[in-house]
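Note sheet for the following structure.
Rule-based calculations on the coordinates, nothing more; no lab input. Given the structure is predicted, the values throughout are model-derived calculations rather than measurements.
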Amino acid sequence: MRSKTVLLYLAWLVAIFGTLGSLFFGEASGRPPCPLCWYQRICLFPLSGILAVAVYKNSGEIWQYVVYQMGFGICFALYQLLQDYLPGEQVFCGKERGCISKEAFWNIPFAFLSLLCFLTILSLLLLARFSERQEKS
């Protein structure tokens, strides 16, 4: 199996685990997501299907179609993480939601997990593109 294919599979698996984890912690554990969490979900959930098509077609060029979507997800996650440090009242996440509190998931805020998921997928797709270029040369 070529390295590009492995990287695409890994990116797809990260998107799948991110989607399933978000659904589990948001719906099954009874923690309602805040609006910023919903915006991050809007950016993450379609990646599972889009990356499945990329794996099926073995296309490393998929990054150009999802880079803006991941960029928006990264911006939403960063803004949510920085809400504690910005002056004023928290507009989106209240204390009852718990999505940026330290008790979210093994003392890791959900916004950080979302940011990590987006950055990992972006890195894997860029590596797949670089790998595809190297194989053509």
Karplus couplings for region 2-12 from phi (6.51 cos²θ - 1.76 cosθ + 1.60, θ = phi - 60°), rounded to Hz, Gly and Pro as x? 6, 5, 4, 5, 5, 5, 5, 4, 4, 4, 5
Between region 1-74 and region 121-136, what is the C-alpha centre distance in whole Å? 17
